[in-house]
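The values are calculated or read from the model by the stated rules, or taken from the named source; none is laboratory data. Everything numeric here is computed off the predicted structure, so don't read it as measured data. Backbone-built Cβ (ideal geometry, glycine too); neighbour counts: all protein chains shown.
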């Protein structure tokens, strides 16, 4: 199972007031790409998408998406300390 190619991708129309693009100093294409990245980050952070799927939404290779998250101090692992401690306890029993 791979990602959809561009011929089968669904386009989602979005209207943006030109002053917003001017404020951000972005072209419509640049704004769209950045919007995909921020949406992917939000979906990942809130547990709506896996890291791999979020990277697909952003149009990034998974490693590049991980680097983008790291620059924003967003953890790439959603494990809680309790999960880690349980895993360590399990491994100690082996």
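Residue 76: modelled with pLDDT of 95 or more and either part of a helix (DSSP H, G or I) or surrounded by 12 or more Cβ atoms within 10 Å (Cβ to Cβ) (or both), yes or no? No; evaluated as a whole, the condition is false for this residue.
Report, by residue number, each residue of the stretch 1-35 that is at pLDDT below 80 and either in contact with a strand residue (DSSP E or B) (Cβ under 8 Å, 6 or more places away or on another chain) or part of a loop (DSSP other than H, G, I, E, B) (or both). Residues satisfying the conditions are 1, 2, 3, 4, 5.
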